[in-house]
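I have placed the structure first, in the form of structure tokens, so that the comments after it can refer back to it.
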């Protein structure tokens, strides 16, 4: 049996007091259909009053469909037949009850009124209104629908409905054909025979013109009995399939046990063969071991003879080596004597060179003393150009006379603070970071020092600042200590007054 799955919206009515309304809308196969229902909670059940409009005969969807059935679909996906939707022209009314509290409502085209599973020909579904009372849920569990082909293969494709014949009789014929096609004659023969007898009775009433009502009543009983036979058939076929599966499983298990026993026997025989092969291998190993012992004894005797020969050759070689060693010792003694003589001569030459180096060092010391004296004199002369300076054992003494200060003041007069001097503040960084970052950082540090000096009273025109970034390290940036040395600010004092003059300024200077 082929089935398809579908989802729908359900409403939880929660056994509330009073009634609420819901709408119905046609599906894609019957979009013009519509309807309205009043749903009211009673003591222990839900009462549903429905009115449908714009319906068409169910045969429009195929000769196998003769009527409509309304279903309640629970959130668990269980479908309950609420009753047949009988047409009055294009309209229909239905008043039914349900013991479920939460459900959705759909209408399907069916071959007869007492079907127990909805077909996939869904023509109308409930629609929640804005004023509908209740909690709307989406059914998570899908409910199953019988595909249209399940009935089409069982019902003749050509059938003309006579309006003078009760619809229930056509439904009874359909129900019995479907039950027969399902195998009811085999699996539910008694019930199926009862349905065929009831159909024959209804056909007899029709032939005798006993009236529409008796024909309809017997036909409905035939429909219900045929559906019971079909349901029993499905159940028994499922039981039969289960029994067949169990028998097949038992057969597979017996076969597996037989194969296991055969495998055990094969393993036993293989084990016996392995034991025999192991014994044969042991005997062969014993034979080979004895042969190896004999071979090793012969090889040992041969080796001992060869060792004796080798020992004789060794003694002869050692004697030859002793003679060669004696000759070598005599040669090495002569070489040592020659080396000692050469070393003595080299020592004399080193002594002469040391004397010359000492004399040269003394000359250098004297030159250094002279240069030091000259440098001291030069510095004395340069300081005297600015202030009165004299030489002493303590060093150069610069006299800041009272002409540099105002009477009763301790600050230098402006013209005497920095006569002719220039001060350049240079910022340097280590190599951590980008070139742009280090260049900017060095400029900022140099500028900070320049600002501080100006704040202390120095003339801003004589002070410049420049940043060199990481381009001029004092030492290689190979470790943390060296990088710390490279993070520095240097101040260069120059000017004609001290004998030096800055001639250019690097980019990034102030």
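Calculated FRET efficiency, residue 256 and residue 235, Cβ-Cβ r, R0 22 Å, to nearest 0.05?
Result of the calculation: an efficiency of 0.10.
What ranking, highest mean first, results for peptides 284-296, 91-103 when packing means the other Cβ atoms within 10 Å averaged over each residue?
91-103, 284-296
What number does segment 38-82 give for Rg over Rh if you use C-alpha atoms and the Kirkwood radius?
Rg divided by Rh gives 1.07.
Quick check on segment 162-295: what does the Kirkwood estimate of hydrodynamic radius come out to from the alpha carbon pairs, in Å?
So the Kirkwood estimate lands at 20.5 Å.
For a footprinting-style exposure proxy, rank 38, 328 by other Cβ within 10 Å, fewest first.
Least crowded to most crowded, the residues run 328, 38.
When N is the residue count of segment 299-369, what does its C-alpha Rg come to as a fraction of 2.2 N^0.38 Å?
Normalised Rg, Cα atoms only: 2.61.
At a 10 angstrom cut-off on C-beta neighbours, averaged per residue, how do the peptides 257-263, 185-191, 125-131 rank from highest to lowest?
Going by the mean number of other Cβ atoms within 10 Å, highest first, we get 185-191, 125-131, 257-263.
Counting residues in segment 274-392 as N, plug N into 2.2 N^0.38 Å and put the Cα Rg over that result.
This ratio for segment 274-392 stands at 3.25.
Report Rg (one decimal) and Dmax (nearest whole number) for segment 204-267, counting Cα atoms only, units Å.
Rg then Dmax for segment 204-267, in Å: 26.0, 83.
Give me log10 I(q)/I(0) at q = 0.13, 0.15, 0.21, 0.23 Å⁻¹ for segment 1-101, Debye formula, one equal scatterer per alpha-carbon, no solvent.
Log-scaled intensity ratios, in q order: -0.52, -0.69, -1.27, -1.42.
Once label points are set 7 Å from the Cα along Cα→Cβ at both residue 434 and residue 308, what is their separation, rounded to one decimal in nm?
The modelled label-to-label distance comes out at 9.1 nm.
Which order results if 462, 212 are arranged by neighbouring Cβ count within 10 Å, fewest first?
So the residues, fewest neighbours to most, are 212, 462.
Order of 440-453, 297-310, 61-74 by packing, highest average Cβ count within 10 Å first?
61-74, 440-453, 297-310
Mind giving me the nanometre distance, one decimal, between the label points for residue 461 and residue 267, set 7 Å out from Cα along Cα→Cβ?
Simple spin-label model gives 11.1 nm for this pair.
Read-outs throughout are calculated quantities, based only on the coordinates presented, and are distinct from any laboratory measurement. Keep in mind that what you see is a predicted model, and the values were worked out from it rather than measured. Heads up, the Cβs are rebuilt from the backbone with ideal geometry, glycines too, and the neighbour counts pull from every protein chain shown.
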